[in-house]
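One structure is given below, encoded as structure tokens.
Here, each number is a calculation from the coordinates, and none is a lab measurement. For clarity, every value in this text was computed on a predicted model and none was experimentally measured. Using ideal geometry, Cβ is built from the backbone for each residue, glycine included, and neighbour counts are taken over all protein chains shown.
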Amino acid sequence: MRKIILSVIIIFIIAGTGYWYYAFVYMKNNHRNVANEKAISISANDLLKAYQSNEIKANIDYLNKAVTVNGIVQETMVNQEGKTAVLLKTTDAFAGVFCTLINTDTSIVVNSTVNIKGICIGFSGDVKIKDASLIK
Amino acid sequence: MKRIILIGFFLVTVLAGTAQKIWSTRTGQVKFFSKTPGEDIEAVNNEVDSKIAQANGQMVFNILIKGFRFPNALMQEHFNENYMESAKFPRAEFKGFIINNTSINYTKNGTYNATAEGNITIHGVTKKVSIPGTIEVKDGKITSKSVFKVKLKEYQIKGSAIGDTVAPEIEITVNCKYQ
């Protein structure tokens, strides 16, 4: 009987420590790494059109998914956290695909054609991509 | 005479031009902060869309929920799935006006109090709000700043840790630099 109680306590301690480690140590250092994921390839124009024509459907198809967007750089900027952000051109003069890079990348040239891989986070006038990086 | 008309015309065009100035940003920053004795939780969004029309103080903010970044990936997951349900409600927004817009001199450096009134939508729930903040004018650029609180209950945000490790009232900090 004592053995059983003891083993139950030990199991609880191990499970508890395991959960604590998973939740507060492992997950702190293991953000989703989109670079290793298989991505949907799409042009900036098609992605914007998909959102402009039917946002609900586009969210089902692309929200929270890994995407590789092909397009021409309209503008690059540095956000308030010092990360590079890139706006990809579309045929719509007022909207584009806005990608925030996971790191600072000063090599991106306006008017060059690029492939940018990241996570699609939805539509707010532009389609937005986060945790992005340049694919060579 | 012709010259005077020309100068007059030029002046009117310039004035009309400044009056119609729309300030905008795609890289605005919004943070939120939850403080409980057990845990402090903070998340940042650096891709906030915002516009302010200088002429009438009209302002709009668009925030994608999945753009909030937490230090802890598991918290980020819980935030999206259990609290904000960001697959169902991907966006939060504010649409309104700075009601004291005439007291802001957009051409003179300074920090001006600004009260924004309008509708805020979070988690699919829209509420009429009045939010105090400031507009900072510095060397031809402006920054909107505000700190205000949001009661999760009012926006029907439910989650098992609210009242425990998640505060029932969350502090929102807005800091958007416009071009």
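In peptide B:75-86, what is the residue-averaged number of other protein chain Cβ atoms found within 10 Å of each Cβ?
Numbers: counts 4, 3, 2, 1, 0, 1, 0, 0, 0, 0, 0, 5.
For this peptide, the per-residue mean of nearby foreign Cβ atoms is 1.
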Mean-square fluctuation check for chain A, GNM, Cα pairs under 10 Å: which of A:92, A:126, A:46 is largest? A:92
For segment B:88-146 the mean separation of alpha carbon contacts under 8 Å (6+ apart) over residue count, i.e. relative contact order in percent, is 33 percent
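Over chain B, calculate the relative contact order: mean separation of alpha carbon pairs under 8 Å at least 6 apart, over the residue count, as a percent. Please list the in-between numbers first.
Working: 389 pairs, mean separation 39.3, N = 179.
So the answer I get is 22 percent.
Excluding residue A:34 itself, calculate the net charge of residues whose Cβ lies under 12 Å from the Cβ of residue A:34, where each Lys or Arg counts +1 and each Asp or Glu counts -1. Present the calculation step by step, with values, prior to reporting the outcome.
Details: positive: A:32, A:38, A:65, A:117, A:130; negative: A:37, A:131.
Its environment carries a net charge of +3.
Set the Förster radius R0 to 45 Å, insert the Cβ-Cβ distance between residue A:41 and residue A:3 as r into 1/(1 + (r/R0)^6), and round the FRET efficiency to 0.05.
Numbers: r = 59 Å, r/R0 = 1.30.
Once rounded, the FRET efficiency stands at 0.15.
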Give the range of the longest stretch in chain B that excludes all trypsin sites (Lys or Arg not before Pro) found in loop regions by DSSP and having at most 15 other beta-carbon atoms within 10 Å. B:22-87
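Applying 1/(1 + (r/R0)^6) with R0 = 35 Å to the Cβ-Cβ distance of residue A:94 and residue B:74, what FRET efficiency is obtained, to the nearest 0.05?
Plugging the Cβ-Cβ distance into 1/(1 + (r/R0)^6) gives 0.40.
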Pairs of alpha-carbon atoms within less than 8 angstrom and 6+ residues apart define the contacts here; what relative contact order does chain A have, in percent? 23 percent
Phi-derived 3J(HN,Hα) across segment A:58-70 with the Karplus relation (6.51, -1.76, 1.60, θ = phi - 60°), rounded Hz, x for Gly and Pro, is 4, 5, 5, 6, 10, 4, 6, 9, 6, 10, 10, 9, 9
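For B:63-74, what's the mean count of beta carbons from other chains sitting within 10 Å of each residue's beta carbon?
6
Calculate for chain B the 222 nm mean residue ellipticity that helices alone would give, adding -39,500 (n - 2.57) per DSSP H run of length 4 or more and normalising by residue count, nearest 500 deg cm²/dmol. Mind dumping the intermediate values first?
On the way: 2 runs with 24 residues, N = 179.
The helix-only estimate for chain B comes to -4000 deg cm²/dmol at 222 nm.
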Distance-filtered residues of segment A:72-106 - backbone nitrogen under 16 Å, label point 7 angstrom along residue A:53 Cα→Cβ: A:91-92
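Considering only the other residues whose Cβ falls under 13 Å of the Cβ of residue A:52, what net charge follows from Lys and Arg at +1 and Asp and Glu at -1?
Overall, the nearby charge balance is -2.
Could you pull out the trypsin sites (Lys or Arg not before Pro) across segment A:8-111 that fall in loop regions by DSSP (anything but H, G, I, E, B) with no more than 11 other Cβ atoms inside 10 Å? Walk me through the intermediate numbers first.
Values: sites: A:28, A:32, A:38, A:49, A:57, A:65, A:83, A:89; in loops: A:28, A:32, A:38, A:65, A:83, A:89.
Taking segment A:8-111 and a limit of 11 other Cβ atoms within 10 Å, the loop trypsin sites (Lys or Arg not before Pro) found are A:38.
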Just add up the charged neighbours of residue B:150: K/R +1, D/E -1, any other residue whose Cβ is under 14 Å from the Cβ of residue B:150. +3
For residues of A:5-16, the mean tally of beta carbons on other chains within 10 Å: 0
Per-residue ³J(HN,Hα) for segment B:102-113, Karplus 6.51 cos²θ - 1.76 cosθ + 1.60, θ = phi - 60°, Hz, x for Gly and Pro: 5, 8, 9, 9, 6, 10, 10, 3, x, 10, 10, 5
